[in-house]
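The values are calculated or read from the model by the stated rules, or taken from the named source; none is laboratory data. Just so it is clear, the model here is predicted, and its values are computed rather than measured. Positions of Cβ are backbone-derived with ideal geometry, glycine not excepted, and every protein chain shown enters the neighbour counts.
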Amino acid sequence: MKKISFLLAAFVAVVMISCGPKTPKASLKSDVDTLSYVIGMAQSQGLKDYLVQRMGVDTAYIDEFVKGLNEGANAGDSKKRAAYYAGIQIGQQVSQQMLKGLNYEVFGDDSTQTVSLDNFMAGFVAGTTGKGGLMTVDSASQMAQTLMQTVKAKHMEEVYGENKKACEEFMANIAKKEGIQALENGVYYEVLTEGKGEIPSDTSRVKVHYEGKLINDSVFDSSYKREAPTTFRANQVIPGWTNALTHMPVGSKWKVYIPQEQAYADREAGLIKPFSCLIFTIELLEIEK
């Protein structure tokens, strides 16, 4: 017999709302009564963990869940109640998943910033009902991606603007150093070891040793420390790396200075904060055939 699958398919539309019928007491007067009871109990296996882990239900309010459960189970096939329950369910998804995900996408870990729930719901309802919308759903979808990047970039500038300024100053000073050579898009390098081998294309699979530093000289990654070179395609890394690799003969060892827009730009990557310039020592060992 299937355990929780049947119950979950039915109960996702059930809501924890106002008082419903009280839970009936078991009255096992026949085999059918007993069968009904044991199936009901068997179907609850794992449900409590599911409520806590997947739905975020606080077990201190389990009685409220039971009230909603009873109301949903006793609603029969009422289309009106089914629509209401679906609204509650999706509303909870908006609160617990959509908005949290959207806030993280736009504002990262900054919990002091949030999108507007009222305006989100105004757009959500207008799009669902087809009434009172300020634009079409297609227009909103197209605008959303562009505007999300605009709002995110503005927020990143406010929070990490000093990184961007420091990066610009650092790269300007690097450009003045003796022995520094320029590549496209503001990437600079200096030759530590002159290689004589083949130069990779952007689709070449290369084997390299490397060390990555921030402009404060802290190391954020190193294949040397792992004592294992890394292999990847030259176009599967940040643009500054691809730029360097496609000018670098096998056997070369370069120190490469990458501006933030050719690195991770406004993204955060582990120890690398948005708008960070990066410094890499790159040793091109071979092109794999």
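Looking only at the range 227-276, residues that are of a type outside the set (Val, Ile, Thr), under 20 Å from Glu168 (Cβ atoms) and assigned to a loop (DSSP other than H, G, I, E, B) come to 11 in all. The residue list Ala126, Ala166, Ala140 contains one member that is in contact with a Gly (Cβ under 6 Å, 6 or more places away or on another chain) and at pLDDT 85 or above, which is Ala126.
All conditions in (1) among the hydrophobic types (A, V, I, L, M, F, W, C); (2) at pLDDT 85 or above; (3) over 30 Å from Leu147 (Cα atoms) hold for Met98, with the sole exception of (3). Looking at the range 45-54, can you tell me whether even one residue there is surrounded by 14 or more Cβ atoms within 10 Å (Cβ to Cβ), of a type in the set (A, V, I, L, M, F, W, C) and closer than 30 Å to Leu28 by Cα? Scanning the range 45-54 turns up at least one residue that is surrounded by 14 or more Cβ atoms within 10 Å (Cβ to Cβ), of a type in the set (A, V, I, L, M, F, W, C) and closer than 30 Å to Leu28 by Cα. Any residue at all in the range 110-120 that is acidic (Asp, Glu) and either over 24 Å from Glu268 (Cβ atoms) or surrounded by 15 or more Cβ atoms within 10 Å (Cβ to Cβ) (or both)? Checked against the condition, which is being acidic (Asp, Glu) and either over 24 Å from Glu268 (Cβ atoms) or surrounded by 15 or more Cβ atoms within 10 Å (Cβ to Cβ) (or both), the range 110-120 yields at least one hit.
Scan the range 76-85 and give yes if some residue there is polar (S, T, N, Q), assigned to a helix (DSSP H, G or I) and under 28 Å from Met55 (Cα atoms), otherwise no. Looking through the range 76-85, none of the residues is polar (S, T, N, Q), assigned to a helix (DSSP H, G or I) and under 28 Å from Met55 (Cα atoms). Looking at the range 106-115, can you tell me whether even one residue there is farther than 23 Å from Leu278 by Cβ, assigned to a helix (DSSP H, G or I) and outside the structural domain of Pro274 (by TED's automatic domain parsing)? The answer is yes; a qualifying residue exists.
Yes/no matrix, rows are residues, columns are (1) touching a helix residue (DSSP H, G or I) at 6+ places or on another chain (Cβ under 8 Å); (2) modelled with pLDDT under 95:
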position: Pro259; (1), (2): yes, no
position: Ala269; (1), (2): no, yes
position: Lys273; (1), (2): yes, yes
position: Ile279; (1), (2): no, no
